[in-house]
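J.: Quick one: the structure is below, questions incoming.
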Amino acid sequence: MSADRPPRRRSSTSRSPSSGTAPPRHVVGVDVPALELPPELADADTIGVIYDDTDGLNFYNQYGRLRDLFADPALAGDKRYADVLRGYLGAETIGPLPFRRLAAAHPQTVDAVFRKVLRQPNFTWAEHGEALLRRRKPWYYEHEPRPDISVLGARLSELLRQ
């Protein structure tokens, strides 16, 4: 564990010795099991959860660190923060959604973040952002995106059960 990071709190839920993950719990009044996260998410300091009509429900490891980077571009000088952005750009499992959301949420700082992390002093999100995403995420643009997971409303769920 890093000395600059506070220890994570342990859950009061016992962990299964064989799998290393917490056993699923059920919520009273809900007829579905609790969500089980894969180890790379379960062990993360922060997890971002974004639902989008096109891309569906997505979970992002270390999203809090990425969000903090866009809120404070001075953090781009810290390798831990810059590496999260570089990792997201290189990941074949992360589409354009988190970049677009963060750019929209932080229009005053998005250019500074990408300039510093990418070492491209003339980068602007408005001019270069889409090209960057198409270059780094070509698999995403090969076909029309469809959500991997969609949230169903109560009425549609009821109709599906009939």
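Computed from the coordinates by the stated procedures, all read-outs in this text should not be read as laboratory data. Since this is a predicted model, take the numbers as computed values, not measurements. Methodologically, a virtual Cβ is constructed for each residue, glycine included, from the backbone with ideal geometry; neighbour enumeration extends over all protein chains shown.
J.: Which shape class applies to region 60-118: rounded if a/c is under 1.5, otherwise prolate when a/b exceeds b/c and oblate if not, where a ≥ b ≥ c are the square roots of the Cα gyration tensor eigenvalues? Kindly include the intermediate steps, with their values, before the conclusion.
T.: Details: a/c = 1.58, a/b = 1.18, b/c = 1.34.
The shape class here is oblate.
J.: Right, another one. Loop only by DSSP, 16 or fewer other Cβ within 10 Å of the Cβ. Give me the trypsin sites (Lys or Arg not before Pro) in region 80-162 that pass, ordered by residue number.
T.: Values: sites: Arg80, Arg86, Arg100, Arg101, Arg115, Lys116, Arg119, Arg134, Arg135, Arg136, Arg155, Arg161; in loops: Arg119.
Here the trypsin sites (Lys or Arg not before Pro) that fit, given the DSSP loop and packing criteria, are Arg119.
J.: Moving on. Name the chymotrypsin sites (Phe, Trp or Tyr not before Pro) in region 65-146 that are in a loop by DSSP and that have at most 15 other C-beta atoms within 10 Å, would you?
T.: Values: sites: Phe70, Tyr81, Tyr88, Phe99, Phe114, Phe123, Trp125, Trp139, Tyr140, Tyr141; in loops: Phe123.
Qualifying residues, ordered by number: none.
J.: Let a ≥ b ≥ c be the square roots of the eigenvalues of the Cα gyration tensor of region 100-139; is it rounded (a/c under 1.5), or, if not, prolate (a/b larger than b/c) or oblate? Show your work: numbers first, answer last.
T.: Numbers: a/c = 1.99, a/b = 1.23, b/c = 1.63.
It comes out oblate by the Cα gyration axes.
J.: Is the C-alpha gyration tensor of region 43-147 telling us rounded, prolate or oblate? Criteria: a/c under 1.5 is rounded; beyond that, a/b larger than b/c is prolate, otherwise oblate.
T.: Values: a/c = 1.71, a/b = 1.21, b/c = 1.41.
Here region 43-147 falls in the oblate category.
J.: Please go through region 33-138 and write out the GluC sites (Glu not before Pro) that DSSP classes as loop and that have at most 11 other C-beta atoms within 10 Å.
T.: Numbers: sites: Glu36, Glu40, Glu92, Glu127, Glu130; in loops: Glu36, Glu92.
Here the GluC sites (Glu not before Pro) that fit, given the DSSP loop and packing criteria, are Glu92.
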